[in-house]
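Enquirer: What follows is a structure written as structure tokens; I'll ask about it next.
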Amino acid sequence: MHTLRGFTIVELLIVIVVIAILAALSVVGYTNIQQRVKNTTKVSTVQQSIRLLQLYRANNDDYPQDPGNDFCLTVDNICTNYAGTPNPANNTALMNSLREYGTPIAQSGDSTTDARYGITYSHLPARTLNSQPNPVLITFFLDGTDQACSGLMSGMVSVADGGATNNFVPATRSSGNSGGKTRCYVMFPN
């Protein structure tokens, strides 16, 4: 007659530990995938907005201007500046101007419960990159710290303060980390 032998407590604990390790690895992998998808969507949103701005420039020989003001580059008008302060400027005129060339993006896809969110547009004639005029600055945030900003799209640069007001210089690292996000800039000349 055969006697059935069950698992010992040690064998059960080993199986439970192995399952827990596999579950933890799955959660980390899933979180990274979510972050990459969200960042890819954000870059696509910024690219669509840039296309509208470039069409505007092609017809008007310059980008939309209101020096001294930053505007949210989405219809919902929800964004923060680089420091995380909500942008109070009304972007209705900008959105109406861009509608002549296509449909502006409705929203950035960021959660407003985050410290920094949205896509911000500003035009400042005195702004430079490597001492060359680059008045247009688009700022947005990728999820995660030290994400690579440069190379995501044409015109995107990782920058650092060049020491003089509104003068940026190329940098090798991400544009800056803010509240668990990476601040990215897109600049392009007149």
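The values are calculated or read from the model by the stated rules, or taken from the named source; none is laboratory data. These numbers were taken from a predicted model, which means no experiment stands behind them. We place every Cβ from the backbone using ideal geometry, glycine too, and count neighbours over all the protein chains shown.
Enquirer: Taking region 85-143, which residues are among the hydroxyl-bearing types (Ser, Thr, Tyr) and within 14 Å of the chain's Cα centre (by Cα)?
Expert: Within region 85-143, 108, 111, 112, 117, 120, 121, 139 qualify.
Enquirer: List every residue pair whose Cβ atoms lie under 7 Å apart, where the two residues are 6 or more positions apart in sequence or sit on different chains, the first residue falls within region 91-111 and is over 24 Å from residue 60 (Cβ atoms), and the second residue, located anywhere, is hydroxyl-bearing (Ser, Thr, Tyr) and outside any helix (DSSP H, G or I).
Expert: 107/74; 108/74; 108/117; 110/117; 111/117
Enquirer: Considering region 32-79 alone, what residues qualify as being of a type in the set (S, T, N, Q), on the phi < 0 side of the Ramachandran plot and part of a loop (DSSP other than H, G, I, E, B)?
Expert: Those that are of a type in the set (S, T, N, Q), on the phi < 0 side of the Ramachandran plot and part of a loop (DSSP other than H, G, I, E, B): 65, 69, 74.
Enquirer: Of the conditions (1) under 14 Å from the mean Cα position of the chain (by Cα); (2) surrounded by fewer than 11 Cβ atoms within 10 Å (Cβ to Cβ); (3) among the small types (Gly, Ala, Ser), residue 24 satisfies every one except a single condition; which number is it?
Expert: Residue 24 satisfies all of (1) under 14 Å from the mean Cα position of the chain (by Cα); (2) surrounded by fewer than 11 Cβ atoms within 10 Å (Cβ to Cβ); (3) among the small types (Gly, Ala, Ser) except (1).
Enquirer: For region 48-64, name all the residues that are surrounded by 15 or more Cβ atoms within 10 Å (Cβ to Cβ) and either of a type in the set (D, E, K, R) or touching a residue at least 60 places away in the same chain (Cβ under 8 Å) (or both).
Expert: If the condition is that a residue be surrounded by 15 or more Cβ atoms within 10 Å (Cβ to Cβ) and either of a type in the set (D, E, K, R) or touching a residue at least 60 places away in the same chain (Cβ under 8 Å) (or both), then 49, 50, 53, 57, 63 are the ones that fit.
Enquirer: Answer yes or no as to whether residue 45 is among the β-branched types (Val, Ile, Thr), within 23 Å of residue 152 (Cα to Cα) and in contact (Cβ under 8 Å) with a residue 40 or more places away in the chain.
Expert: yes
Enquirer: Would you pick out the residues in region 65-85 that are surrounded by fewer than 18 Cβ atoms within 10 Å (Cβ to Cβ) and at pLDDT 90 or above?
Expert: Correct list: 75, 76, 78.
Enquirer: So, in region 131-146, exactly how many residues are over 19 Å from residue 54 (Cα atoms) and either touching a Phe, Trp or Tyr at 6+ places or on another chain (Cβ under 8 Å) or surrounded by 20 or more Cβ atoms within 10 Å (Cβ to Cβ) (or both)?
Expert: Counting residues in region 131-146 that are over 19 Å from residue 54 (Cα atoms) and either touching a Phe, Trp or Tyr at 6+ places or on another chain (Cβ under 8 Å) or surrounded by 20 or more Cβ atoms within 10 Å (Cβ to Cβ) (or both) gives 2.
Enquirer: For region 7-26, check the following and say yes or no: at least one residue is modelled with pLDDT under 90, touching a helix residue (DSSP H, G or I) at 6+ places or on another chain (Cβ under 9 Å) and farther than 30 Å from residue 123 by Cα.
Expert: Yes: region 7-26 contains one or more residues that are modelled with pLDDT under 90, touching a helix residue (DSSP H, G or I) at 6+ places or on another chain (Cβ under 9 Å) and farther than 30 Å from residue 123 by Cα.
Enquirer: Looking only at region 115-140, filter to residues that are hydrophobic (A, V, I, L, M, F, W, C) and in a loop (DSSP other than H, G, I, E, B); which one of those is farthest from residue 182 (Cα to Cα)?
Expert: So the residue we want is 126.
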